[in-house]
Amino acid sequence: MAAMTHPAIRVSEIFGPTIQGEGVLIGLPTVFVRTGGCDYRCSWCDSLHAVDNQYRHEWEMMSVDAVWQSVVGLSGGRPVMVSLSGGNPAIQPLGALIERGHREGYRFALETQGSVVRDWFAELDVLVLSPKPPSSEMATDWAAVEACVQAANEKPQVVLKLVVFDESDYAYAKDAAARFPRLPIYLQPGNHTPPRPGNADSAVDLDGITKRMEWLVESVTRDRWFEARVLPQLHVMLWGNKRGV
Ligand code: SF4
């Protein structure tokens with residue numbers, strides 16, 4: 001039988017294993033496949049090197065086979081959680097990669113803002129929907145986020161993850177929770193000193209992040225918002241803005 005050919009995947013970087021630094025899988029050893037390109041331009045994006053066309057020359061069109069060989073090499077052939085991130089990984093054709101990895105016992109999580117819907121979301125193990133709050137200066141298409149939840153079709157675990165910088169982001173997070181009452185929700189203080197591409201090891205204001213974390217904890221307890229979980233970005237606490245960890 002002739003080998004099936006699958007569309008190539010635009011990749012910014014593949015790295016790991018390291019721990020997942022945020023959200024529902026925090027602390028879990030993970031290999032990251034970061035795709036290139038995003039339909040958003042958040043004001044505080046912490047992965048511009050995978051978003052801005054200016055860095056396109058660093059991205060590579062890779063076959064499913066090539067991406068898979070890289071993941072297997074990094075994990076030593078031991079099944080591990082694979083995080084599909086970006087950019088917006090939903091704009092890449094990732095269905096065949098997920099199928100390939102599942103055959104070998106790997107698991108897949110994908111994080112997206114929820115602007116682009118794919119039927120292969122149902123093949124994931126974990127779908128993290130991270131709609132972007134007002135501080136991002138992006139507008140949310142809630143119908144698209146809802147369509148992402150529908151596409152998952154109750155197969156993967158689906159969770160919400162909201163970055164919160166200020167009161168209006170906090171109100172947005174509450175609105176998101178009200179729209180999707182069945183989804184677990186994770187809140188995370190925003191990093192107001194994100195890395196600049198080309199200066200991937202730039203300083204991070206940990207004091208500022210910690211203050212925002214404290215304020216978030218106070219806010220959810222004051223409001224008796226007992227369904228919300230508040231988590232920092234562990235990788236930022238450990239390694240600042242360093243890339244590839
Ligand atoms: S959606 Fe994510 S990757 Fe895209 S610009 Fe916003 S923060 Fe960056």
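Per-structure values
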| item | result |
| --- | --- |
| Sum of side-chain charges, Asp125 neighbourhood, beta-carbon under 11 Å (Lys, Arg +1; Asp, Glu -1) | +1 |
| Residue-by-residue Karplus 3J(HN,Hα) for region 65-80, coefficients 6.51, -1.76, 1.60, Hz, glycine and proline x | 4, 5, 4, 5, 4, 5, 4, 5, x, 5, 8, x, x, 8, x, 9 |
| Over region 89-245, relative contact order from alpha-carbon pairs under 8 Å, at least 6 apart, % | 17 percent |
| Other-chain or far-sequence residues with amide H under 5 Å of Gly86's (modelled H) | Thr35 |
| Distant-in-sequence amide H partners of Thr193 (H built 1.01 Å from N, under 5 Å) | Asp205 |
| 3J(HN,Hα) from dihedral phi, region 205-211, Karplus parametrisation 6.51/-1.76/1.60, rounded to Hz, x for glycine, proline | 8, 5, 4, x, 5, 5, 4 |
| With 5 Å bins from 0: P(r) over region 59-183, alpha-carbon pairs, percent | 2, 11, 20, 21, 17, 13, 8, 6, 2, 0 |
| Gain in span if fully extended, Ala143 to Arg78, counting 0.36 nm per residue against the direct Cα distance | 19.6 nm |
| Heavy-atom accessible surface of region 34-125: percent carbon and sulfur, 1.4 Å | 45 percent |
| Cysteines without a disulfide-compatible partner [the chain; Cβ-Cβ under 4.7 Å] | Cys38, Cys148 |
| Formal net charge of residues neighbouring Ala178 (Cβ-Cβ distance under 14 Å; K, R +1; D, E -1) | -1 |
| Vicinal HN-Hα couplings computed from phi for region 215-232 (Karplus, 6.51 cos²θ - 1.76 cosθ + 1.60; Hz; Gly/Pro x) | 4, 5, 4, 4, 5, 5, 6, 4, 7, 6, 8, 7, 8, 7, 10, 10, 9, x |
| Local net charge near Ser75, Cβ-Cβ under 15 Å (Lys/Arg +1, Asp/Glu -1) | +3 |
| Long-range HN-HN contacts of Val158 with modeled amide H, under 5 Å | Leu127 |
| Label-point separation, Ser70 to Thr5 (7 Å along Cα→Cβ), nm | 2.1 nm |
| Over the chain: Rg over Rh, Cα atoms, Kirkwood Rh | 0.95 |
| Residue-normalised accessible area of region 42-120, given per residue in Å² at a 1.4 Å probe | 43 Å² |
| DSSP beta bridge pairing in region 115-245, given as percent antiparallel to the nearest 5 | 10 percent |
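The values are calculated or read from the model by the stated rules, or taken from the named source; none is laboratory data. Quick caveat, the model's predicted, so the values are computed rather than measured. For neighbour counting, all protein chains shown are included, and Cβ atoms are generated from backbone atoms with ideal geometry for every residue, glycine included. Accessible surface areas use protein heavy atoms only, side chains included; no ligands, DNA or RNA. Shrake-Rupley method; radii C 1.70, N 1.55, O 1.52, S 1.80 Å.
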